[in-house]
1. So ARG70 passes all but one of these: (1) under 19 Å from PHE23 (Cβ atoms); (2) at pLDDT below 95; (3) basic (Lys, Arg). Which condition number does it fail?
2. Here are some residues: ALA199, ALA249, ALA237. Which one is under 24 Å from the mean Cα position of the chain (by Cα) and without any contact (Cβ under 8 Å) to a residue 12 or more places away in the chain?
3. Quick one: would you say VAL210 is without any contact (Cβ under 8 Å) to a residue 40 or more places away in the chain and within 23 Å of THR8 (Cβ to Cβ)?
4. Within the stretch 109-146, can you find the residues that are without any contact (Cβ under 8 Å) to a residue 24 or more places away in the chain and under 21 Å from the mean Cα position of the chain (by Cα)?
5. Of everything in the stretch 163-217, what is assigned to a helix (DSSP H, G or I), of a type in the set (Val, Ile, Thr) and open to solvent by 10 Å² or more (accessible area, probe 1.4 Å)? Give them in sequence order.
6. Out of TYR39, TYR35, I need the residue that is at pLDDT 95 or above, closer than 26 Å to LEU203 by Cα, in contact with a Cys (Cβ under 9 Å, 6 or more places away or on another chain) and of a type in the set (Phe, Trp, Tyr). Which one?
7. Would you confirm whether any residue within the stretch 257-268 is open to solvent by 20 Å² or more (accessible area, probe 1.4 Å), of a type in the set (D, E, K, R) and modelled with pLDDT of 80 or more?
8. Pairs only if they're at least six apart or on different chains, beta carbon under 9 angstrom, first in the stretch 170-191 and under 21 Å from GLU37 (Cα atoms) and modelled with pLDDT under 95, second surrounded by 14 or more Cβ atoms within 10 Å (Cβ to Cβ) and of a type in the set (Gly, Ala, Ser); list them, first residue then second.
Amino acid sequence: MAAPRRDTRGIVDAPALFTRVQFRRRTPAAPLRPYVEHYWLIDWDLSEPYATHVVPHPCVNLVFQRYADRPGFGEVAGVGLELFAQKLAGRGRVCGVQFRPGGFRPFTPERPATDWTGRRLPLATAFGPTDAAGPVLEPDEEDDRVAALDAFLTPRLRAGPRTLAQADLAVGLADRIRTDRTIRRVADFARAEGMSVRALQRLFAGYVGVSPKWVLLRYRVHEALERAASEAEVDWASLAAELGYSDQAHLVRDVTATVGVPPTAYVR
């Protein structure tokens, strides 16, 4: 069984967050793994409120959540286009499902991924009336919460062969963009994959929810922010070249547009 990834890409000031909450990632059941990256579980009991910020990944999340002032509920969180902020206070719990980019469509095959992009919608919008929040959020044992997530998702993996094949293609292409630094232009990437740019864009719109260019830029911003947070001094010009930017100004512009401040201010 492959362990969930351990990086903190996307979490702004992860060390500060982890001193305030219990954060774990867990692996889903085997039939779900081609489409689900991992489950993420958070519990907190805070004496003072804390605001957490995340630079979203290009993926859909299901988020089961319970806060001190409201009962548990579930949401579909589409690909977030802006910096996400959430205030945590008192006691609470979140059990989330992070799908792989392109991996949510097999669970809602009748709807393109763009239907969810930039939106947070009630769970029933995707799956109809359900009481899943209780079984997922109530158990004290972590394994029981994971089992409840598996039990909710497994019967809802209901796409036909064509949708699954397209989802597999989208998942694989998005993963290549994430891991292969030599990919710098969408046109070159499409050509290398034997696709037209238009076909690649249609695939990503239907299965990922954002364009391949957006995915490429977001992953590069994630890496830039992680490097900024982990290195004492950052040579931004060299990092820009390493990540495939034509110059430092383009990297600075993308980081600023994503988190609201220039990279040097983000580091501070």
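The values are calculated or read from the model by the stated rules, or taken from the named source; none is laboratory data. Model, not experiment: these values are computed from the prediction. FYI the Cβ positions are ideal-geometry reconstructions off the backbone, even for glycines, and counts take in every protein chain you see. With ligands, DNA and RNA removed, areas are computed over all heavy atoms of the protein, side chains included. Shrake-Rupley method; radii C 1.70, N 1.55, O 1.52, S 1.80 Å.
1. (1) is the only condition that ARG70 fails.
2. Working: ALA249 fails: under 24 Å from the mean Cα position of the chain (by Cα); ALA237 fails: under 24 Å from the mean Cα position of the chain (by Cα).
ALA199 is the lone residue from the list that is under 24 Å from the mean Cα position of the chain (by Cα) and without any contact (Cβ under 8 Å) to a residue 12 or more places away in the chain.
3. Working: without any contact (Cβ under 8 Å) to a residue 40 or more places away in the chain: no; within 23 Å of THR8 (Cβ to Cβ): yes.
The answer is no for VAL210.
4. Of all residues in the stretch 109-146, those without any contact (Cβ under 8 Å) to a residue 24 or more places away in the chain come to 110-111, 124, 128-129, 131, 135, 139-141, 143-144.
Within the stretch 109-146, ARG111, ALA124 meet the criteria.
5. The first filter runs over the stretch 163-217 and keeps only residues assigned to a helix (DSSP H, G or I), leaving 163-179, 186-192, 197-207, 212-217.
After this cut, where a residue has to be of a type in the set (Val, Ile, Thr) as well, the list is 163, 171, 177, 179, 186, 197, 215.
If the condition is that a residue be assigned to a helix (DSSP H, G or I), of a type in the set (Val, Ile, Thr) and open to solvent by 10 Å² or more (accessible area, probe 1.4 Å), then THR163, VAL171, THR179, VAL186, VAL197 are the ones that fit.
6. Numbers: TYR35 fails: in contact with a Cys (Cβ under 9 Å, 6 or more places away or on another chain).
The conditions single out TYR39.
7. no
8. ARG181/GLY244
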